[in-house]
Structures are given as C-alpha cells and as structure tokens.
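The values are calculated or read from the model by the stated rules, or taken from the named source; none is laboratory data. Values in this document were obtained by computation on a predicted structure and should not be read as measured data. Positions of Cβ are backbone-derived with ideal geometry, glycine not excepted, and every protein chain shown enters the neighbour counts. Calculation scope for accessible area: heavy atoms of the full protein, side chains included, ligands and nucleic acids excluded. Shrake-Rupley method; radii C 1.70, N 1.55, O 1.52, S 1.80 Å.
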Amino acid sequence: MSQDSAAPETGRKLSGRRRREVVAVLLFSGGPIFESSIPLSVFGIDRQDAGVPRYRLLVCAGEDGPLRTTGGLELTAPYGLEAISRAGTVVVPAWRSITSPPPAEALDALRRAHEEGARIVGLCTGAFVLAAAGLLDGRPATTHWMYAPTLAKRYPSVHVDPRELFVDDGDVLTSAGTAAGIDLCLHIVRTDHGTEAAGALARRLVVPPRRSGGQERYLDRSLPEEIGADPLAEVVAWALEHLHEQFDVETLAARAYMSRRTFDRRFRSLTGSAPLQWLITQRVLQAQRLLETSDYSVDEVAGRCGFRSPVALRGHFRRQLGSSPAAYRAAYRARRPQGDPAGPSGPGGPAAVVDPVLPSQLTSAARRAAAASAPVGPTATAAGLEHGKPHADAFSGRAALPGQRSAP
C-alpha cells in the first residue's frame, strides 16, 4: 500500500474520442440514491470559484428507464450507454442487488471503455458490476464490508480486501460502502489535480480531505449468510466465543479436522479473508468493545482478547484503527455525552460506531489521559505480532494513511 501521491499510472492511453475531463456516471434502476448522488455532486457541480477544476458530467442510464431509486423516486438520465464512449472516467456508484446479474449491454460498455483507456470506478456494490464485467480479475478490490464475503466467494479471482475504504489499482478503482465513495472521489480529484484542489472540494463538501482508518471499526461479528449452513460455521462460532483464550489458526484447523492449508483455502472461500487476518481483526474488535464499555486497563484488555501481551494488542490496534488503545478510549470518552452509560450491554456489549479522533481534535484533558496511559518507548516491533510471534500475513506494509490503498 502507498499514499495517494504514489498511485499507479493507468499505463493506457485514451482513444481519440475520449476526454480526461469527462466523467460518465452509470445509473441503474433500484440503485440507492445516496451512493448515486456522490459522483454527481463531486463531478457535476462547477466549483471553479473555490479552486476546483471543472469536470464534464454525463449521467447515463445503464438500462431502459425510468430509473427508480430510494423512496420510490423516478429518475430520467439525459444520456444512454452510447455516451460512455466519450468518457475518460466511468463511475458505477451502486448496483441494485448483489444476487442479480447486471445487464449485458452495460457490461459490454464497461469492457469497451476499459479497453479504450478509460478509468473505471466502482463505489460500494458497484464493485459487483465491475467484477461481472471481468474488470477485477486478478486485481485487489474492496466493497461494503457486509458484502465483501459474497464478492470474494462469487468472484474468487478477485483479491477482496474488506478492510480498506478504497483501493486504487491504477485504471480500476473500488470503494467501500456509502460514505467511502466520497473518500474515493476525493482521491480521484487529488490524483487528477493535486492536494489543494481536493482540499478545496472537501471544504465545500464539509468532509475531511483524508480519513484515517479502514472499515474495521464498522465490522460486526455476525457471520456471512453463506457460511451459516457450512460445517466451518461451528468452528467460527467457537472462535468468537473464545476470543479471551490464546489460540491460533492451527487450533481452528484441528477443530475443523482439516490440514492448515485446506482450512486456509476453505476459510478464505467462505469469508473472503485469510483466517489469521480474520482472527486478528476479531480480537481487535473485541478490544475496541472493552475499551468503550469497561474500565479494564490496556493490559487487562489484551489478556481478555487473547493477545499474549499488551505490545501485540497495541501494534494491531494501531494498524487497524489508526490510534493506540489508550488514545482511542480517551477520544471515545471525550466525545460521549456526560451521563451516557459506557455501553448498552456492559463490558461485553456491542460496540458503538465512533470515528477515531485525531490528537488535534482531542480536548486537553483527553490528551493528558491518553498520554498518561500510553506505553513508554517504541512499539513498532509489535506491528507484525500475533501472540508475540512475527508474521508476514494480512497487515504487512500498510500505508502511513490507512484506509487508502494503492497497488504497489
């Protein structure tokens, strides 16, 4: 992973009729209005007075209209699929159902656009349309965390990473769900016109120009629907119930009566994640809940989440959520209204969704609290530890700005 400025070049030249500044947004009936409106707002409004270079927007219907959207609203797109032939960037903001195939004509138009050098973008479930067109084969990609296992299972040649807010693979880009579409669109503006233009646009949209962290903080512990009837479900359920114990992937493989290699392959096909990556994420999520809903020390939290040492917890916590456990707890408490209980279910209750707070956003009291309980000395060596042992899986080589992935 790398920062935005290191995003790979597309390596393709646009065909003569396509223009870099032309952005086509492909809409389908049944698509949610929020996701659909993101590229319309980012690329369709003239903000040159604020220092944002202008794009030319083409709103295209991916199928015959009228196009129905959230709340029964009906939309009429001014262009059809033929207009995509003029675009240097084609955005698919969402797809109506992850279980139904997109129209063949739209898939053909996307393939042709890609062959002619256009940049193809899938926001949220729009990644399913790109995958159906074969544009994600052999590539890294992301989508809404809730649908990532389905994407990975249906399209096994796609390297699905449910942790990222967005993935930039040069000429094909994908984002996580809903608001992550804004992050990716800002990234595109930053790639095209620089940091100042993206910052000016972010100010107009009243959003941060860059968000730290990935999708991990929004994940829940529910199992994908696809795994419910699989024999592996029992092993996964056992792991979730015993996160307070120290066990590794070999333990899970043994409980499934499989070799480690077979277990890894089977687990990835069902959940979209490597088992070690999944296990570390679940332990960090449990730690997040305890930090929010209990008064356990960081050392106690580490033990109750199956980490062999607080050092291992701190390394993985920072990599996934962008802050230390102590700073996260201080920020959470600083933002919670006075008198609000720690959590709806006590120490083991479900975690509230709270964005990590940058140090500059903390109150002085919160900064003092975080500093007082922060570890002394460097903790970078914990970044690659699972139960105190180094590994090269899942989180190696993450960017300085997590949540913004570009291909190496």
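Normalised radius of gyration (Cα atoms, divided by 2.2 N^0.38 Å) for segment 231-334: 1.13.
R0 = 60 Å: FRET efficiency of Asp64 with Arg261, Cβ-based, nearest 0.05? Mind dumping the intermediate values first?
Details: r = 49 Å, r/R0 = 0.81.
After rounding, the FRET efficiency stands at 0.80.
Model label points for Val206 and Asp295, set 7 angstrom from Cα along the Cα-to-Cβ axis, are 3.8 nm apart.
Computing the accessible area with a 1.4 Å probe over protein heavy atoms, can you report the carbon and sulfur percentage for segment 231-334? Carbon-and-sulfur percentage of accessible area, whole number: 47. Over segment 84-208, what percent of the accessible surface lies on carbon and sulfur atoms, probe 1.4 Å? Reported share for carbon and sulfur atoms: 52 percent.
Annotation: extensible slack from Phe34 through Ala254 equals 74.7 nm (criterion: 0.36 nm per residue apart, minus Cα-Cα distance).
Suppose a student asked you for the relative contact order of segment 231-334, using Cα pairs under 8 Å spaced at least 6 residues apart; what percent would you report? Mind showing how you got there, number by number?
On the way: 87 pairs, mean separation 25.9, N = 104.
Answer for segment 231-334 is 25 percent.
What is the dipole size for segment 22-216, taken about its Cα centre, with +1 at each Lys and Arg Cβ and -1 at each Asp and Glu Cβ, in debye to the nearest 20?
Details: 18 positive and 21 negative charges, 75 e Å.
Charge dipole of segment 22-216: 360 debye, to the nearest 20.
Once the Kirkwood radius over Cα pairs is known for segment 57-171, the Stokes-Einstein relation at 10 °C and 1.306 mPa s delivers a diffusion coefficient of 109 µm²/s.
At the residue level, Met258 shows approximately 60 square angstrom of accessible surface with a 1.4 angstrom probe and all protein chains present.
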